[in-house]
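A short worksheet on the structure shown next.
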Amino acid sequence: MTATETPVLNTLADLTALSMERCGLAPRELMLARIAALIAVDAPPVSYMANAGAAAGSGITGDDLQALMIGISPVVGTPKVVAAAGNILRALGFAIIVAEAEMAKMDEAAYAAE
């Protein structure tokens, strides 16, 4: 998929960037808060994917996600944290598929140009 084929994800990414610009929190703190909110509302994998770029860009690591899940589990509950872990993994898998498809298209274009 190219950027033109994902207008909804692009719009959500734009909204995330805009909220980061206008929020008083540091980008890392804001993304941790957003991920905690996604966990609390049982967000689907695509919601995590829509925030993945901004989260990675703010320096959030896998260790940070684990610490966040441990920290909020008494508040949101174990089932939500376990479901979130699965949804984050699904989002990662989807992101890899999209990246591989884009690389294949670039390879095809480069091969065609030769």
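Nothing in this text is a laboratory measurement; each read-out follows from the coordinates by a stated rule. Worth saying up front: this structure is predicted, and the values here are computed from it rather than measured. Here Cβ is always computed from backbone atoms with ideal geometry, including for glycine, and neighbour counts include all displayed protein chains.
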Stretched fully, the stretch from ASP64 through LEU15 gains (0.36 nm per residue minus C-alpha distance, one decimal, in nm) 15.3 nm
Can you tell me which of 64-74, 36-46 comes out highest on packing, and rank the rest after it, using the mean Cβ neighbours within 10 Å?
36-46, 64-74
How big is the shadow of the Cα convex hull of the chain, averaged over all directions, in nm²?
8.0
Within the range 3-113: Cβ-based charge dipole about Cα centre, in debye rounded to nearest 20 (Lys, Arg +1; Asp, Glu -1):
380
Among ALA13, CYS23, ALA91, whose Cα lies farthest out toward the positive end of the dipole of the chain, if unit charges sit on the beta carbon of Lys, Arg (+1) and Asp, Glu (-1)?
CYS23
For the chain, averaging the sequence separation of alpha carbon pairs under 8 Å that lie six or more residues apart and dividing by its residue count, the contact order in percent is 32
